[in-house]
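Visitor: For reference, the structure I am asking about is given below.
The values are calculated or read from the model by the stated rules, or taken from the named source; none is laboratory data. Remember, it's a predicted structure, so these values are computed and weren't measured experimentally. In this analysis, Cβ positions are derived from the backbone assuming ideal geometry, glycine residues included, and neighbour counts consider all displayed protein chains. Remember, those area values only see protein heavy atoms, side chains included, never the ligands or the DNA or RNA. Shrake-Rupley method; radii C 1.70, N 1.55, O 1.52, S 1.80 Å.
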Amino acid sequence: MGGGGQQTDRITGTNGRFGTYTWEEVQKHTKSGDQWIVVERKVYNVSQWVKRHPGGLRIIGHYAGEDATEAFTAFHPDLQLVRKYMKPLLIGELEASEPSQDCQKNAALVEDFRALREHLEAEGCFKNQPLFFLLHLGHILLLEAIALMLVWCFGTGWINTAIVAVLMATAQSQAGWLQHDFGHLSVCKTSRWNHLVHKFVIGHLKGASAGWWNHRHFQHHAKPNVFKKDPDVNMLNAFVVGKVQPVEYGVKKIKHLPYNHQHKYFFFVGPPLLIPVYFQFQIFHNMILHGLWVDLAWCISYYVRYFLCYTQFYGVFWAVILFNFVRFMESHWFVWVTQMNWLSMQVHSEPSQPHWLVATCNIEQSPFNDWFSGHLNFQIEHHLFPTMPRHNYWRAAPHVRALCDKYGVKYQEKTLYGAFADIIRSLEKSGELWLDAYLNK
């Protein structure tokens with residue numbers, strides 16, 4: 001499919017039905033319009049399918065020429081259904097003499113990890129508790145209702161408005177964690193219902209786009225902390241991160257900003273502006289550019305609801321000010337939580353093995369940390385098992401730690417304050433690397 005006559009000859013010329021391929025042959029097909037992947041030793045030509053992939057075309061492109069078995073298993077809760085869609089894309093399999101993994105992966109670790117997943121599935125760790133998510137949704141709606149009731153009962157004074165803004169920002173942040181659950185297909189039994197509720201939560205409760213989120217977030221999960229592949233470490237030249245990018249920019253004399261001071265201006269550029277400025281623009285641009293009209297309708301429903309509720313008390317101008325102040329506070333919450341597991345860790349130019357284990361770290365467990373971060377304090381377990389309901393991460397954690405200990409992989413856990421401080425320290429260190437390369441190389 002999408003491969004041309006030459007590929008068809010190869011498919012039917014080997015054993016009457018499929019072709020057999022070496023890793024060297026597979027790794028030649030990595031460019032746009034000509035992309036092959038390997039899943040469970042089977043070779044698939046996904047050159048045309050990438051445009052229809054629900055998770056976005058880039059995530060498959062990031063695995064072109066590679067073994068995508070772990071990602072395939074991790075991202076899809078109903079593997080049998082997905083395999084049906086993949087059948088027309090099948091062009092062959094790896095030759096018997098070829099290893100199942102590429103890039104010198106540790107075969108024993110891969111097998112033990114798969115065995116661990118099977119064990120956790122048997123233990124019921126992938127089964128959700130509907131009451132958990134209903135209560136979570138209920139507390140979001142309650143916060144929204146209390147905020148509106150406070151304005152209704154006590155007016156628009158500064159102190160009351162500040163309290164209202166905090167309640168609304170809390171509701172928005174918690175809705176962000178809830179949409180993340182549905183986006184990862186970890187709540188409902190079927191993907192269809194997960195997708196539908198995801199659009200409601202991210203669209204109607206938050207005013208954002210499910211399609212935009214899928215496109216960004218699954219790239220992050222596919223290649224976490226991989227420079228130029230993970231959008232979460234694409235800092236748009238505002239920051240340099242890790243050890244490689246700062247030196248590269250320094251050697252090339254790239255100076256969009258004084259990066260040796262980035263740990264200082266981070267407080268003014270990062271947390272305050274990401275959601276109210278950058279994401280706000282990017283979401284609408286993405287929906288219009290890619291024709292995500294259903295997402296746009298859900299998004300508009302959020303704004304209609306918000307302005308119908310609050311313009312009657314504040315007027316249009318002050319309702320807009322309140323809206324942006326809520327986004328401003330939510331943005332701080334979001335940036336610190338989402339970067340605490342990543343920014344201080346190694347940023348790779350190419351994936352290392354076992355990449356999903358070493359790219360991130362955990363934050364110590366507590367009821368507050370679980371709620372505050374939407375259980376993203378269990379970032380290691382989340383990235384290994386993204387379709388696992390988050391209330392079960394704590395059950396998986398001891399098994400993952402034991403696997404890491406067995407293979408000498410560092411299982412890192414920090415305090416919440418320590419993780420926040422490491423964000424600033426890592427930015428300072430990267431800035432120093434840039435300055436040294438800029439001046440001396």
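Visitor: Solvent-accessible area of Ile288, probe 1.4 Å, all protein chains present, reported in Å² to the nearest ten, please.
Guide: Counting only protein heavy atoms, the figure is 100 Å².
Visitor: Residue by residue through the stretch 376-381, which ³J(HN,Hα) values in whole Hz follow from phi under the Karplus form 6.51 cos²θ - 1.76 cosθ + 1.60 (θ = phi - 60°), with glycine and proline marked x?
Guide: For the stretch 376-381, the Karplus curve yields 7, 5, 9, 5, 4, 5 Hz.
Visitor: Between Gln48, Gln280, Gln80, where does the largest GNM mean-square fluctuation fall for the chain, given springs only between Cα atoms within less than 10 Å?
Guide: Sorting by GNM fluctuation, first place goes to Gln80.
Visitor: Then there is this: Name the longest site-free stretch of the chain, where the excluded sites are GluC sites (Glu not before Pro) in a DSSP loop with no more than 13 other beta-carbon atoms within 10 Å. Don't skip to the end; give the middle numbers.
Guide: Numbers: sites that count: Glu123, Glu364.
Of all site-free stretches, the longest is 124-363.
Visitor: Amide H neighbours of Lys414 under 5 Å, counting only residues 5+ apart in sequence or on other chains, H built in-plane at 1.01 Å?
Guide: Residues meeting the amide H criterion: Asn362, Ile363, Glu364.
Visitor: Most fluctuating residue of Phe307, Phe182, Phe268 in a GNM of the chain with Cα springs under 10 Å: which is it?
Guide: Phe268
Visitor: Of all alpha-carbon pairs in the chain, indicate the percentage at a distance above 42 angstrom. Spell out each step's value before the answer.
Guide: Working: 17837 of 97020 pairs.
Pairs farther apart than 42 Å: 18 percent.
Visitor: Same structure, new question: Tally up the carbon and sulfur contribution to the accessible surface of the stretch 170-243 as a whole percent, 1.4 Å probe, everything protein left in place.
Guide: Numbers: 1440 of 2360 Å².
The C+S portion of the solvent-accessible surface of the stretch 170-243 is 61 percent.
Visitor: Relative contact order of the stretch 18-90: what whole-number percent is it, with Cα pairs under 8 angstrom and at least 6 residues apart?
Guide: So the answer I get is 32 percent.
Visitor: Using 22 Å as the Cα-Cα cut-off, could you pick out the over-long pairs in Lys51/Lys229; Lys84/Lys223; Lys84/Lys189; Lys228/Lys253; Lys223/Lys264; Lys253/Lys429?
Guide: Details: Lys51/Lys229 18 Å; Lys84/Lys223 25 Å; Lys84/Lys189 18 Å; Lys228/Lys253 19 Å; Lys223/Lys264 28 Å; Lys253/Lys429 18 Å.
Beyond 22 Å: Lys84/Lys223; Lys223/Lys264.
Visitor: Give the residue from Trp434, Leu308, Phe200 lying farthest towards the positive end of the charge dipole for the chain; charges sit on Cβ (+1 for Lys and Arg, -1 for Asp and Glu) and the dipole is referred to the Cα centre.
Guide: Leu308
Visitor: Rounding to the nearest 20 debye, state how big the charge dipole of the chain is about its Cα centre with +1 on each Lys and Arg Cβ and -1 on each Asp and Glu Cβ. Kindly include the intermediate steps, with their values, before the conclusion.
Guide: Working: 40 positive and 35 negative charges, 167 e Å.
It works out to roughly 800 debye.
Visitor: For Asp78, Asp112, what's the largest-to-smallest order of accessible area, 1.4 Å probe? The partial results should precede the final answer.
Guide: Details: Asp78 70, Asp112 45 Å².
Ranked list, largest accessible area first: Asp78, Asp112.
Visitor: Something else: Could you report the chain's accessible area per residue, 1.4 Å probe, as an integer in Å²? Walk me through the numbers on the way to the answer.
Guide: Details: 20920 Å² over 441 residues.
Ligands and nucleic acids excluded, the figure is 47 Å² per residue.
Visitor: Can you find, among Met86, Val39, Tyr63, the residue sitting farthest towards the positive end of the charge dipole of the stretch 18-90, where Lys and Arg contribute +1 and Asp and Glu -1 at Cβ?
Guide: The one lying farthest along the dipole's positive direction is Met86.
Visitor: Same structure, new question: Return one number: the angle in degrees, 0 to 90 and rounded to the nearest 10, between the long axis of the Cα atoms of helix 280-289 and the longest principal axis of the Cα atoms of the chain.
Guide: So the helix axis and the longest Cα principal axis differ by about 50 degrees.
Visitor: Which value, in debye to the nearest 20, describes the size of the charge dipole of the stretch 18-90 about its Cα centre when Lys and Arg Cβ atoms bear +1, Asp and Glu Cβ atoms bear -1, and nothing else is charged? Numbers along the way, then the final one.
Guide: Values: 10 positive and 8 negative charges, 72 e Å.
Around 340 debye, computed over the stretch 18-90.
Visitor: Still on this structure, I have one more. What is the sum of charges, Lys and Arg at +1 and Asp and Glu at -1, for the other residues whose Cβ falls under 11 Å from the Cβ of Leu205? Working shown, then result.
Guide: On the way: positive: Lys199, Lys206, Arg305; negative: Glu144.
The answer is +2.
Visitor: Karplus couplings for the stretch 154-171 from phi (6.51 cos²θ - 1.76 cosθ + 1.60, θ = phi - 60°), rounded to Hz, Gly and Pro as x?
Guide: 10, x, 10, x, 5, 5, 5, 5, 4, 5, 4, 5, 5, 4, 5, 5, 5, 4
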